[in-house]
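Here's the structure, in structure tokens; my notes come after.
The values are calculated or read from the model by the stated rules, or taken from the named source; none is laboratory data. Since the structure is predicted, the reported quantities are computational estimates derived from the model, not experimental observations. Cβ atoms come from the backbone with ideal geometry, glycine included; neighbour counts cover every protein chain shown. Areas reflect the complete protein model, heavy atoms only, side chains present, ligands, DNA and RNA absent. Shrake-Rupley method; radii C 1.70, N 1.55, O 1.52, S 1.80 Å.
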Amino acid sequence: MPPNNGLATCHPVPIRTVAYGRGEDRDGERSLAVEMPVNVIYGDVPYAVMMTTPADLADFAYGFSLTEGIVAGADEIRGARVENGEGGLRLVVDLVPGRLREHLARKRALSGRTGCGVCGIDDLKDIPKADRKAAQGVMVSLSAVERAVQALDDLQVLGRETRAVHAAAWATCEGRVAMVREDVGRHNALDKLIGALMRAGTRPEDGFLVITSRCSFEMVEKAASFGAAVLVAISAPTSLAVERAAKHGLTLAAIARRDTVTLFTAPERLTVP
């Protein structure tokens with residue numbers, strides 16, 4: 001499947017820029033990030049409608065399925081295909097028969113918003129909780145974190161063009177950014193990245209995650225679902241994110257800047273060169 005499914009991820013529109021005070025108005029053009037409803041379907045049964053950027057949807061199918069607890073690994077997905085639907089796209093995920101039966105016995109209806117993490121949950125006990133512990137034996141130097149954070153700006157192709165999307169990246173333990181996924185939704189960007197890592201057979205102990213958004217509890221839970229040991233966020237975490245990171249044994253480093261980073265949980269994994 002082509003990375004963008006043959007669909008545009010940005011759309012140019014005419015604009016007029018006006019000054020508050022004196023100055024001349026300017027006509028021009030600006031690229032906007034495409035936001036499109038995608039209906040995630042398992043078997044013949046719709047599961048969720050998510051507002052996404054229509055790129056890397058096969059990756060999204062794998063990552064979303066893992067972080068939603070529908071599958072435990074890539075081997076439980078036989079494939080995913082994108083179809084045109086009324087007013088959007090259909091992302092049909094083909095599960096192995098046993099997993100499909102288990103999934104159909106469980107219900108969660110997600111009406112997608114780009115910032116939605118627990119839409120469709122009608123009981124507190126149903127809030128997603130990962131049951132996987134962080135990968136063991138992972139050590140990352142602070143210089144590797146610095147290297148990854150500094151490199152990420154130049155690797156956000158859609159973000160640079162539209163200034164309207166989030167990014168999630170996978171960096172090796174040496175700080176080389178090996179993979180980046182972007183989306184209008186921060187949750188979607190991380191799901192796409194996790195799905196790409198699953199499909200590539202990447203082990204969670206081989207590197208660490210970097211996200212450009214704020215770090216809420218859902219982002220921690222998604223990282224934990226993959227088994228990541230270190231999560232670096234550009235923005236600040238929430239209190240529940242820190243609580244969940246500590247529970248999972250996940251190293252949470254946030255407010256990452258070009259010269260500093262703040263460590264919130266399990267700082268022993270980050271070493272000074």
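Structure values in brief
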{"read-out": "Residue in region 51-66 that is within 26 Å of Ala196 (Cα to Cα) and assigned to a strand (DSSP E or B) present", "value": "yes"}
{"read-out": "Count of region 48-67 residues which are closer than 18 Å to Lys222 by Cα and either β-branched (Val, Ile, Thr) or open to solvent by less than 20 Å² (accessible area, probe 1.4 Å) (or both)", "value": "13"}
{"read-out": "Any pair with Cβ under 7 angstrom, 6 or more apart, that starts in region 129-158 at a residue that is part of a loop (DSSP other than H, G, I, E, B) and ends at one that is of a type in the set (Ser, Thr, Tyr)", "value": "Ala130/Ser225; Arg132/Ser225; Met139/Thr271"}
{"read-out": "Matching residues, region 250-273, being touching a helix residue (DSSP H, G or I) at 6+ places or on another chain (Cβ under 9 Å) and among the acidic types (Asp, Glu)", "value": "Asp259"}
{"read-out": "Test: residue in region 219-239 that is free of Cβ contacts under 8 Å to residues at least 24 places away in the same chain, out of contact with any Lys or Arg (no Cβ under 9 Å at 6 or more places or on another chain) and surrounded by fewer than 19 Cβ atoms within 10 Å (Cβ to Cβ)", "value": "yes"}
{"read-out": "Selection from region 244-273 of residues that are of a type outside the set (A, V, I, L, M), in a strand (DSSP E or B) and modelled with pLDDT of 95 or more", "value": "Thr251, Thr262, Phe264, Thr265"}
{"read-out": "Region 16-35, subset assigned to a loop (DSSP other than H, G, I, E, B) and under 30 Å from Leu57 (Cα atoms), residue least open to solvent (accessible area, probe 1.4 Å)", "value": "Val34"}
{"read-out": "Residues satisfying the stated conditions in region 240-270, i.e. in contact with a Pro (Cβ under 8 Å, 6 or more places away or on another chain), without any contact (Cβ under 8 Å) to a residue 60 or more places away in the chain and open to solvent by less than 60 Å² (accessible area, probe 1.4 Å)", "value": "Ala245, Leu252, Ala254"}
{"read-out": "Residue match in region 112-134 (condition: hydrophobic (A, V, I, L, M, F, W, C), touching a His at 6+ places or on another chain (Cβ under 8 Å), farther than 24 Å from Ile41 by Cα and modelled with pLDDT of 65 or more)", "value": "yes"}
{"read-out": "Hits in region 191-215 - residues which are open to solvent by 10 Å² or more (accessible area, probe 1.4 Å), touching a residue at least 60 places away in the same chain (Cβ under 8 Å) and over 19 Å from Gly79 (Cβ atoms)", "value": "Arg203, Pro204, Glu205, Thr212"}
{"read-out": "Unmet criterion (only one of (1) at pLDDT below 95; (2) part of a loop (DSSP other than H, G, I, E, B); (3) open to solvent by 50 Å² or more (accessible area, probe 1.4 Å)) for Glu174", "value": "(1)"}
{"read-out": "Some residue of region 26-47 being in contact with a helix residue (DSSP H, G or I) (Cβ under 6 Å, 6 or more places away or on another chain), of a type in the set (Asp, Glu) and within 15 Å of Gly185 (Cα to Cα)", "value": "no"}
